[in-house]
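Written below as structure tokens is the structure these notes are about.
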Amino acid sequence: MVISQLMITERPTIKRMCDMKEEQDLIPYNDDNSKMGYKNLQGQIVIPAQWNMVYNFHEGLAMVQNWQYGFIDKTGKVVIPLEWDNCESFSEGLAVVERDGKCGYVNKSGELVIPLVWNYAHPFYKGRAIVFDDKQRYIDKEGNVIWTRERTAPQMIKISDTCEMDINDMVIIEDLNELGDVVDSEEFFKAIDDILESNGKKGTSDK
């Protein structure tokens, strides 16, 4: 498999890298007080407006925000308290959460199943997620590191006429779908290593 382009990621916030497509039967709305809730497809209010920001439902839960983030179910019940600095929609039963600049993952019961040890984290796709500490890594749903991209001396790449970025801070993957399609294959990690090696950057498999 050929992975042909670099995707730029951003810090320090969680980047919503993939908009997991899911048919919506509840739609966010704003009331006259700039609060948000949900209506059904017929325009009837199902969950009254009470949050500063709401997001689409994924896997039965939606992310809501009143200064802090948490999750509600489709009855409007808060199932994960609004206690997180940032978070990401659920994917494969887990959601990225962030507190004090560190990211981990919670399950639908709100239990922290992967500790807050990462500087930056992406949603899971087909059992794997991209995470960062001082290096770019790939983890499984138990939090085990399965591949690590080694950092090297800075090498600036021109992004635009006014912007450059260190190649160490770029994700070597075209998109998460592509990651998922080959995630169980050792050829994927070899393909990543080949690209890094051709640029003088070497990764290591932790399998």
**Request:** Using the structure shown, decide if THR75 is hydroxyl-bearing (Ser, Thr, Tyr) and modelled with pLDDT of 90 or more.
**Result:** yes
**Request:** Would you please name the residue that is surrounded by the fewest Cβ atoms within 10 Å (Cβ to Cβ), looking only at residues in the stretch 67-83 that are part of a strand (DSSP E or B) and touching a residue at least 24 places away in the same chain (Cβ under 8 Å)?
**Result:** PRO81
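If you scan the stretch 125-137, which residues turn out to be more than 21 Å from GLY101 (Cβ to Cβ) and either touching a Ser or Thr at 6+ places or on another chain (Cβ under 8 Å) or modelled with pLDDT of 90 or more (or both)?
TYR125
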**Asked** Within the stretch 32-66, how many residues are loosely packed, with under 15 Cβ neighbours inside 10 Å and more than 20 Å from the chain's Cα centre (by Cα)?
**Response** 12
**Item:** Output for the stretch 84-115, where each listed residue is part of a strand (DSSP E or B), among the hydrophobic types (A, V, I, L, M, F, W, C) and buried (at least 17 other Cβ atoms within 10 Å of the Cβ)
**Value:** TRP84, CYS87, LEU94, ALA95, VAL96, VAL97, CYS103, VAL106, ILE114
**Complete:** Checking ARG16, ARG11 in turn, the sole residue that is at pLDDT below 95, surrounded by 12 or more Cβ atoms within 10 Å (Cβ to Cβ) and not hydrophobic (A, V, I, L, M, F, W, C) turns out to be ARG16
**Asked** Which condition breaks for LEU6 when tested against (1) under 23 Å from the mean Cα position of the chain (by Cα); (2) at pLDDT 50 or above?
**Response** (2)
**Message:** Restricting to the stretch 35-66, name every residue that is in contact with a strand residue (DSSP E or B) (Cβ under 8 Å, 6 or more places away or on another chain) and either assigned to a loop (DSSP other than H, G, I, E, B) or on the phi > 0 side of the Ramachandran plot (or both).
**Reply:** LYS35, LEU41, ASN52, GLU59
**Asked** What number of residues within the stretch 24-72 are of a type in the set (S, T, N, Q) and over 24 Å from ALA95 (Cα atoms)?
**Response** 6
**Message:** Residue under question is VAL54, and the condition is that it be out of contact with any Leu (no Cβ under 7 Å at 6 or more places or on another chain), of a type in the set (A, V, I, L, M) and modelled with pLDDT of 95 or more; does it hold?
**Reply:** yes
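The values are calculated or read from the model by the stated rules, or taken from the named source; none is laboratory data. Note that the structure is predicted; figures quoted are calculated from it, not measured. Cβ sites come from the backbone with ideal geometry, for glycine too, and all protein chains shown count toward neighbours.
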